[in-house]
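The structure appears right after this line, and notes come after that.
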Amino acid sequence: MTPTSHTPFLRRWRRRLAQEHGQALVEFAIVLPVLLMIIVGILAFGRYTNYANQQTQMAGQAARYAALDVNPSSTLTLQNYVQAQATGELAAGSSSVTSAVKVYLYTYPSSTSPAAGTPVVACVISTVSLLPMLGTVTSMTIVQSATMRIEQAQTSAKWTPDTTIPSKCPAT
């Protein structure tokens, strides 16, 4: 055989080696895990932000009611009423929310019947598990608070300040 008789075979072989039929599939297989991790991270961050926003609203609502000496419920304490306003997982707990939301109301200086002008603090706490769908056990406590000054002294016990305050709640 002469070197020229192998030339068509070599040309065909070189052409096949130069083709990139599987390149897109390999690139997709490399990029897919990274893309999925980014999407799962965005979803987890969105859920965490939703929980924090709900708790911020609840703290503001509790502080406002306490500052005005108002309790919209005739059967529940103000703390339990605000706690009942939580929706979904935050209220009932789940695999994502390991401890349901709790509401605390207290004053500085501590008093059972605070006077007008005394700051009242509403502290809302829950514990959430980050990325439970991946089997992680990393949990984070979300603490949101709101402070307002009492506008009118309590005429009747519409709410009672908490005497035990979690260490995670702000001191003032």
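The values are calculated or read from the model by the stated rules, or taken from the named source; none is laboratory data. Since the structure is predicted, the reported quantities are computational estimates derived from the model, not experimental observations. When we count neighbours, we look across all protein chains shown, and the Cβ atoms used for this are built from the backbone with ideal geometry, even at glycine. Surface areas here come from the heavy atoms of the whole protein model, side chains and all, with no ligands, DNA or RNA. Shrake-Rupley method; radii C 1.70, N 1.55, O 1.52, S 1.80 Å.
Remarks
- Fraction of accessible area attributable to carbon and sulfur, the chain (%, probe 1.4 Å): 61
- Per residue, the convex hull around the alpha carbon atoms of region 61-131 comes to 99 Å³.
- For the chain, the Kirkwood hydrodynamic radius from C-alpha pairs, put into Stokes-Einstein at 10 °C and a viscosity of 1.306 mPa s, yields a diffusion coefficient of 79 µm² per second.
- Computed over protein heavy atoms with a 1.4 Å probe, the accessible surface of the chain works out to 63 Å² per residue.
- Percentage, to the nearest whole number, of Cα pairs in region 72-172 over 16 Å apart: 62
- Per-residue SASA entry for THR163, accessible area with 1.4 Å probe, Å² rounded to 10: 130
- Sorted peptide list for 50-57, 72-79, 25-32, criterion being average Cβ within 10 angstrom, highest first: 50-57, 72-79, 25-32
- C-alpha long axis of helix 7-18 to longest principal axis of the chain, angle in °: 0
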